[in-house]
Amino acid sequence: MTEVKQERIDVARIRAHSEEMDRTRAVPQNLLDYLIEEKLFKLFVPEQLGGRMLGLPEALSVFRHVSHSDGNAGWLTTIGSGGGMFVPNMTEDTAHELFSPASAVIAGSGFPAGTAVPAEGGYRVSGEWKYCSGAPYASMFTANCTIEGTDTIRSMTLMPDQVEVLGDWNAFGLRATGSHSIRVTDAFVPENRTFSIFEQQNAFSGPVHSFPFVAFSVASFTAVCLGIADHFYEEARSLAEEKWPGADRQAFVLGELEQHEREHGKQAASFESNVRDAWTRHLAGEAMTAEEEQHLIRTAKTAAGTARSGVQSAIRHFGMDAVMEQSPLNRIWRDLSTAAQHTFLLPEPAGS
């Protein structure tokens, strides 16, 4: 497996677009070109199809470091790469056709919000799905549908000309992720562009494709939160040093930041250690037990929750600098607050 080295992430190049992305709610083409050039949407795509096929710990490191550069870029890298998890579920010819282009990237939804009516050679598909990050530039869309008259759920692969992007993503953070709803009306999807996530149809899979999917997803979104929090503490220290040079207030705020960042680092290290241990066992062919999976998920959620709560507490020390939308600190805080609201990161009921 090829490893993306940490130093490959061009932080300055990504951050040069942060203010623009937040203001325009869009990813500029030259940044999109960079993400494609570095194959950051193809971390779980095999090398035969132009991907990198990373292991889980290496990919989580990429997610964290890109998110440290900018939350929008990190989120889109994570979501875009996640689409590569479907490569083994497609037929070999379809996987070649859809994933070989350099700009290949999936947007879509796993919620079965559509209906597929059997037709000669495939299905007629209609439905509406929310939160399809990357919709403005996706080369394909995947959407889960219930087959009419059955309880069977099947994934449909749709082309951009079959999809209406509704442009309704109006969140206060991660504004440029294009996480819009999509609508499909009576579109024909041939059988070879449908698949089940429970069925492997080719030999393109790597170890990551057989890792428990929920644990994979929770870990991925946790890495995004960790990276955005890293950026927050970096920006907050810089602002404190600039705002209160040599003053008692500076020493106090830096001390508070150090305390929060220390706990952030502790929980992040615990999460990453747990992932490495789970990945080592996975590579050795050991099946993850339900208890082990829940432990990994709890460790991830604790790390993500600590990132969010620490930043939420720390930002209180910066007064009006924290509430002005054009402030980098405010933007980072909004991005983290939005990322941490993902369903996979919500706190669990006590005793679960």
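The values are calculated or read from the model by the stated rules, or taken from the named source; none is laboratory data. Being a predicted model, the structure only gives us computed values, none of them experimental. No Cβ is skipped: glycine too gets one built from the backbone with ideal geometry, and neighbour counts run over all protein chains shown.
Would a scan of the range 140-163 turn up a residue that is within 16 Å of the chain's Cα centre (by Cα) and either touching a residue at least 60 places away in the same chain (Cβ under 8 Å) or in a loop (DSSP other than H, G, I, E, B) (or both)? Looking through the range 140-163, none of the residues is within 16 Å of the chain's Cα centre (by Cα) and either touching a residue at least 60 places away in the same chain (Cβ under 8 Å) or in a loop (DSSP other than H, G, I, E, B) (or both). A count restricted to the range 234-292 and to residues that are over 22 Å from P328 (Cβ atoms), hydroxyl-bearing (S, T, Y) and either free of Cβ contacts under 8 Å to residues at least 24 places away in the same chain or not in a helix (DSSP H, G or I) (or both) stands at 3.
Residue pairs whose Cβ atoms lie under 6 Å apart, sitting 6 or more positions apart in sequence or on different chains, and linking a residue in the range 325-352 that is surrounded by fewer than 22 Cβ atoms within 10 Å (Cβ to Cβ) to a partner that is of a type in the set (D, E) and at pLDDT 95 or above, are P328/E235; L329/E235.
Any idea which of G83, G110 is touching a Gly at 6+ places or on another chain (Cβ under 9 Å), touching a residue at least 24 places away in the same chain (Cβ under 8 Å) and either in a loop (DSSP other than H, G, I, E, B) or not acidic (D, E) (or both)?
Working: G110 fails: touching a Gly at 6+ places or on another chain (Cβ under 9 Å).
Criteria check complete, one pass: G83.
So, in the range 55-77, how many residues would count as being more than 16 Å from P28 (Cα to Cα), part of a loop (DSSP other than H, G, I, E, B) and under 15 Å from the mean Cα position of the chain (by Cα)? Number satisfying all stated conditions: 0. When only residues in the range 231-286 that are within 17 Å of D321 (Cα to Cα) and polar (S, T, N, Q) count, which is surrounded by the most Cβ atoms within 10 Å (Cβ to Cβ)? By that ranking, first place goes to Q250.
Do we have any residue at all in the range 134-151 that's among the hydrophobic types (A, V, I, L, M, F, W, C), surrounded by fewer than 18 Cβ atoms within 10 Å (Cβ to Cβ) and more than 30 Å from N72 (Cα to Cα)?
First, pick out the residues of the range 134-151 that are among the hydrophobic types (A, V, I, L, M, F, W, C): 135, 138, 140-141, 143, 145, 147.
Narrowing the set further to residues that are surrounded by fewer than 18 Cβ atoms within 10 Å (Cβ to Cβ) leaves 147.
Now narrow it down to the ones that are more than 30 Å from N72 (Cα to Cα): 147.
Checked against the condition, which is being among the hydrophobic types (A, V, I, L, M, F, W, C), surrounded by fewer than 18 Cβ atoms within 10 Å (Cβ to Cβ) and more than 30 Å from N72 (Cα to Cα), the range 134-151 yields at least one hit.
Could you please let me know if A26 is farther than 27 Å from M90 by Cβ, free of Cβ contacts under 8 Å to residues at least 40 places away in the same chain and not assigned by TED's automatic domain parsing to the domain that holds A304? No.
What about D22, is it crowded, with 19+ Cβ neighbours inside 10 Å, of a type outside the set (A, V, I, L, M), closer than 17 Å to F232 by Cβ and under 17 Å from the mean Cα position of the chain (by Cα)?
So D22 does not fit the description; no.
Residue pairs whose Cβ atoms lie under 6 Å apart, separated by 6 or more positions or on different chains, with the first residue in the range 54-71 and touching a residue at least 40 places away in the same chain (Cβ under 8 Å) and the second surrounded by fewer than 24 Cβ atoms within 10 Å (Cβ to Cβ) and charged (D, E, K, R), are P57/R276; E58/E3; H68/D230; S69/R15; D70/R15.
Picking from residues in the range 306-340 that are within 18 Å of H68 (Cα to Cα) and in a loop (DSSP other than H, G, I, E, B), the one that is nearest to the chain's Cα centre (by Cα) is A340.
I need every pair where a residue in the range 167-188 that is aromatic (F, W, Y) has its Cβ under 8 Å from the Cβ of a residue that is in a loop (DSSP other than H, G, I, E, B), sequence separation at least 6 or different chains. Sorted first by the residue in the range 167-188, then by its partner, the pairs are W169/R25; W169/G178; W169/S179. Hey, any hits in the range 53-62 for a residue that's crowded, with 18+ Cβ neighbours inside 10 Å and farther than 27 Å from I332 by Cβ? Yes - at least one qualifying residue is present in the range 53-62. The listed residues are R276, R331, R308, R316, and the only one of them that is among the basic types (K, R) and under 14 Å from A215 (Cα atoms) turns out to be R276.
Just one of S205, S217 is assigned by TED's automatic domain parsing to the domain that holds T302, under 22 Å from L283 (Cα atoms) and either touching a helix residue (DSSP H, G or I) at 6+ places or on another chain (Cβ under 6 Å) or not in a loop (DSSP other than H, G, I, E, B) (or both); which is it?
S217
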